[in-house]
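To keep things clear, I will list the structure first and then write my remarks on it.
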Amino acid sequence: MKHLYAKVVIVFLVVVLSVSSFCGIFDEADLLPGTHSIFFNYSGHQRHFYIHIPEKKRYEKYPVVIMLHGGVSNSKFSMKRFGWMELSDKEGFIAIFPDALPPIGGSSPDNTIFRPQSWWEGLNIDPRKLVFNDSVDDVGFIATIIQELKSEDLIDEKRVFLTGYSNGATMAMFLGLKLSNVIAAVAPVCGLYVPKDQQKISSPISVMVIIGMDDPFNPYYGGLILPPWSIKIVKKPPVETTIMKWVNLLGLPEQPVEQYENEDEKFVLYSNGETDFYFHVFKKLGHFWPQADLDYPLWYFGGRYDEINATEMIWEFFKKHPKR
């Protein structure tokens, strides 16, 4: 009798755990047009993101743009300041705004400078692991969001895109490398991830880099910096050195197929006919997203350059680069 009871308990637990593991992170209302705040537990941490679904559907299935906030910031900031929600409504794609984790506790759209949220994996710094032996899995967090959207049969799996600003740009490139089987293209602004020599990519992705020559946190010719999200002085390689690491990582010819330079901009395109790497350098641009609503001090962040709209420019790039 005891054995029978034990078997019944085990079967019950298996059923409960199976149901709970497939219950999903979205309620039915979360998949209706509008902006929805989603909390769920992942890998022992409370995680959060906003999802914005446009009123008008222009595609049979939605493309997805995931926008990663900068260091010491949050999803609410990236949702309101960069124009992605407005463009989502106009162009008909889903916009996702995830939150990174602070050094202590769970993520929140309202975290401030007192609980700074940063994408630690992209920085190769994880204070939670150093202090509490509690490592962060941001790759799994973002992969879970994408997988859950796929399971709802809501999105075009060939049109999942990543972009980000500053620390979020670094993380977008890192995620593109780690999740290349599901990401079609990546567009970092004011940030670069430097691939390690031994790193490989499973599936080619197209990339568009937007960066400024006046950016104090990404010195164009390399040098030592103290980022605002860190207490550690960091040595940055020259920007063009990092670009060529990515060109080689993607298996692209080192000879550009197109390039031009004028008093405001330098542009280089590397391509093999299927995978593209766009390299946009704006000579007067500091650590700003062009035409974003950012009020950072110029003396610290370098110059503004608002002759282009980076958000619209990135979407046009994404439209041309679905997953091959």
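The values are calculated or read from the model by the stated rules, or taken from the named source; none is laboratory data. All of these numbers come straight from a predicted model, not from anything done at the bench. Here the Cβ is made from the backbone with ideal geometry for all residues, glycine too, and neighbour counts use every protein chain on show.
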- Test set (1) out of contact with any Leu (no Cβ under 6 Å at 6 or more places or on another chain); (2) within 23 Å of ILE183 (Cβ to Cβ) - SER107 fails condition number: (1)
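Within the bounds of segment 99-106, is there any residue that is buried (at least 20 other Cβ atoms within 10 Å of the Cβ) and under 30 Å from LYS56 (Cα atoms)? Before the answer, list the steps.
So the first thing to find is which residues in segment 99-106 are buried (at least 20 other Cβ atoms within 10 Å of the Cβ), and the list is 99-102.
Narrowing the set further to residues that are under 30 Å from LYS56 (Cα atoms) leaves 99-100.
Checked against the condition, which is being buried (at least 20 other Cβ atoms within 10 Å of the Cβ) and under 30 Å from LYS56 (Cα atoms), segment 99-106 yields at least one hit.
Among GLY140, GLY176, which is over 17 Å from LYS323 (Cβ atoms) and among the small types (Gly, Ala, Ser)?
Numbers: GLY176 fails: over 17 Å from LYS323 (Cβ atoms).
Checking each option against the conditions leaves just GLY140.
Tell me the strands (runs of 3 or more DSSP E) entirely within segment 159-230 that contain at least 2 residues that are crowded, with 21+ Cβ neighbours inside 10 Å. Working first, answer last.
Details: elements: 185-189, 206-212, 223-225.
Output list reads 185-189, 206-212.
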- Among the numbered conditions (1) under 29 Å from LEU87 (Cα atoms); (2) in contact with an Asp or Glu (Cβ under 7 Å, 6 or more places away or on another chain); (3) not basic (Lys, Arg), tell me where VAL247 comes up short. (1)
- Item | Residue count, segment 263-315 (criterion: within 21 Å of LEU226 (Cβ to Cβ), without any contact (Cβ under 8 Å) to a residue 60 or more places away in the chain and not in a loop (DSSP other than H, G, I, E, B)) | 2
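Test of understanding: among VAL247, VAL239, VAL209, VAL189, which residue is touching a His at 6+ places or on another chain (Cβ under 8 Å) and at pLDDT 95 or above? So that I can check it myself, show each step before the final result.
On the way: VAL247 fails: touching a His at 6+ places or on another chain (Cβ under 8 Å); VAL239 fails: touching a His at 6+ places or on another chain (Cβ under 8 Å); VAL189 fails: touching a His at 6+ places or on another chain (Cβ under 8 Å).
Result: VAL209 is the single residue among VAL247, VAL239, VAL209, VAL189 that is touching a His at 6+ places or on another chain (Cβ under 8 Å) and at pLDDT 95 or above.
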- Query: Being of a type in the set (Asp, Glu) and at pLDDT below 95, is that true of even one residue in segment 268-284?
  - Reply: no
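Among the residues of segment 46-64, what is the count of those that are buried (at least 18 other Cβ atoms within 10 Å of the Cβ) and either farther than 26 Å from ILE314 by Cβ or of a type in the set (Ser, Thr, Tyr) (or both)? Steps first, please.
Kept after step one, since they are buried (at least 18 other Cβ atoms within 10 Å of the Cβ), are these residues of segment 46-64: 47-54, 62-64.
Among the residues that remain, those that are also either farther than 26 Å from ILE314 by Cβ or of a type in the set (Ser, Thr, Tyr) (or both) are: 50, 62.
Result for segment 46-64: 2.
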- Those residues of segment 237-260 that are in contact (Cβ under 8 Å) with a residue 40 or more places away in the chain and of a type in the set (D, E, K, R) come to a total of 1
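Please determine whether any residue of segment 150-158 is assigned to a helix (DSSP H, G or I) and among the aliphatic types (A, V, I, L, M). Reasoning before the result, please.
Of the residues in segment 150-158, the ones assigned to a helix (DSSP H, G or I) are 150-151.
Cutting the leftovers down to among the aliphatic types (A, V, I, L, M) gives us none.
No.
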- Among the residues of segment 222-271, count how many are within 28 Å of TRP120 (Cα to Cα), in contact with a helix residue (DSSP H, G or I) (Cβ under 8 Å, 6 or more places away or on another chain) and hydroxyl-bearing (Ser, Thr, Tyr). 1
- Check ILE125 against each of (1) assigned to a helix (DSSP H, G or I); (2) modelled with pLDDT under 95 and name the one condition it does not meet. (1)
- In segment 64-89, what residues are touching a residue at least 24 places away in the same chain (Cβ under 8 Å), more than 16 Å from ILE38 (Cα to Cα) and out of contact with any helix residue (DSSP H, G or I) (no Cβ under 7 Å at 6 or more places or on another chain)? VAL72, SER73, LYS80, ARG81, SER88, ASP89
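To keep it simple, each residue is scored yes or no on (1) in a strand (DSSP E or B); (2) at pLDDT 95 or above; (3) not acidic (Asp, Glu).
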position	(1), (2), (3)
SER20	no, no, yes
HIS36	yes, yes, yes
LYS56	no, no, yes
GLU60	no, no, no
ILE66	yes, yes, yes
- Could we say that ILE233 is in contact with a Leu (Cβ under 7 Å, 6 or more places away or on another chain), surrounded by fewer than 19 Cβ atoms within 10 Å (Cβ to Cβ) and closer than 22 Å to TRP119 by Cα here? yes
- Pick from segment 293-312, criterion of a type outside the set (Val, Ile, Thr) and buried (at least 19 other Cβ atoms within 10 Å of the Cβ), ranking: nearest to GLU91 (Cα to Cα): ALA310
